[in-house]
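The values are calculated or read from the model by the stated rules, or taken from the named source; none is laboratory data. What you are looking at is a predicted structure, and each value in this text was computed from that prediction instead of being measured. All Cβ positions, even for glycine, are placed from backbone atoms using ideal geometry, and neighbour counts span all protein chains on display. Heavy atoms of the whole protein, side chains included, go into the accessibility calculation; ligands, DNA and RNA do not. Shrake-Rupley method; radii C 1.70, N 1.55, O 1.52, S 1.80 Å.
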Amino acid sequence: MDSVDSRDEESPLVVSDSQSKTLQNHTRDVHILSCSFLLIFLAYGATQNLESSVNTDEDLGTIALGILYLSFTIFSLIASLVVRMMGSKNALILGTTGYWLFMAANLKPRWSTMVPASVYLGFTASVIWVGQGTYLTATARSHANDNNLHEGTVIGNFNGEFWGMFASHQFAGNLITLALLKDGKKGSAGGTTLLFIVFLCSMTLGTILMWFLRRRDNKGEEGSLEPAVGFYSYAVSLSKSVITPLFDVRMLLIIPLFVYSGLQQAFVWAEFTKYIVTPALGVSGVGGSMAVFGAFDAICSLAAGRLTSGLLSITWIVSGGAFAQVIVLLWILLKYRVTSGVLGTIYPLLMAAIWGIGDGVFNTQINALIGILFKSDTEGAFAQYKVWQSASISAVFFLSPYISLQAMLVVMLASLFTAFSAFLFLTHKVERAFSSSTSPQVAS
């Protein structure tokens, strides 16, 4: 008994030192991951916004983006298997190579350079995003376990920091674009070349930062899983990653939310800038409106992450984000008309700000929801997320030339209603299952 008492008295000193070291390590990884994605995507995001304006010959820019997201959709089917075989850190590093190659292709935009770069970026994008979700969730779980904290709160906070930093890429990237392209719609050849070189340097720095991440598997521990060997093992692993999650009713109920998250992102990139911003502010106003969108997206992501503590908080936050975007959709569909003067300038910027709030909500809360609900197969759940999200983005890019703004708004409203209804049913089902499992313990 004396030995036990002695150990209890001594242990707080040991745990305190260990917790201090663990706290520094886990939060450090989140900081590095967030900064790396910011450096990579401030370059890619701004370039994506410019594709349809800079590479106009035979609609090369728009078609390249459609090919990119179609490739993203297809390769997302195997992305979880790739991440499981490589480990999330190695998958993140591999993922950066596609963005670097795509940026380099824009220095010499041809069908022979842009199409292969777009296909390869679709593959690496699927890998980097499944790797990001897996890595961040594993880091949050380790931090919660090592420091005796509530897992849902830590997942929410870590996602808030990451998505807050990530969302600011639209603000930073578009400011750089505005600074370097000052001479009109497309910019000079020298201006665009300098811009893409600056972006390549930013991506290179972001890739270097990835190497400083600590290696983790889906449980947050050192190392990664062994690769599957042989065709049979490969087929079994692929089936488990792609098909098995679809037999989970929770996944079926959250898929409409995945689809809408892609639709609402593609809407602001393709439809909002084309039909709302450009007629009111001109092409030069696209960068400013997207900077406003990115600023409010970042602020909301940080706030939503801080407020996330579990399923109930996620429900309320998602409800707020859905309401914000419903306001914009109904405003454009029923009331909005392009006007001149001060209001003509304020309205598109206000819409961009409100839409950014909704985007920040969906980014943080969907990732937190996946981390909380799908602990047994985090890679597979994030792969499903990217399959459905990228498929809906690709559909918008390919259909954009053939569908009116009014038709797109109706599709968006119907999709949001379906997604939100399924989400509410999911949260009710999960809460009821949790109450049923805990009620005998309370009674006893």
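Okay, here's what the table says:
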quantity	calculated
Extension gain, His150 back to Thr339 (0.36 nm per residue minus Cα-Cα distance, nm)	63.0 nm
Packing-based ranking, highest mean first, of 166-179, 244-257 given that Cβ atoms within 10 Å are counted	166-179, 244-257
Inter-label distance for Ala179 and Leu205, nm, one decimal - labels placed 7 Å from Cα along Cα-to-Cβ	1.0
Packing-based ranking, highest mean first, of 331-337, 157-163 given that Cβ atoms within 10 Å are counted	157-163, 331-337
Spatial separation of Cα centroids for the range 252-297 and the range 317-378, in angstrom	9
Efficiency of FRET between Ser319 and Lys429 - r from beta-carbon atoms, R0 22 angstrom, step 0.05	0.85
Exposure of Cys201 as accessible area (Å², to 10), given a probe of 1.4 Å and all protein chains	90
Label zone at Thr244 (point 7 Å along Cα-to-Cβ), backbone N below 19 Å, the range 352-393	370-387
Backbone HN-Hα couplings from phi across the range 250-263 [Karplus 6.51/-1.76/1.60, Hz, Gly and Pro as x]	5, 5, 4, 7, 9, 4, x, 6, 4, 4, 5, 4, x, 4
Packing-based order for 92-98, 148-154, using average beta carbon neighbours within 10 Å, highest first	92-98, 148-154
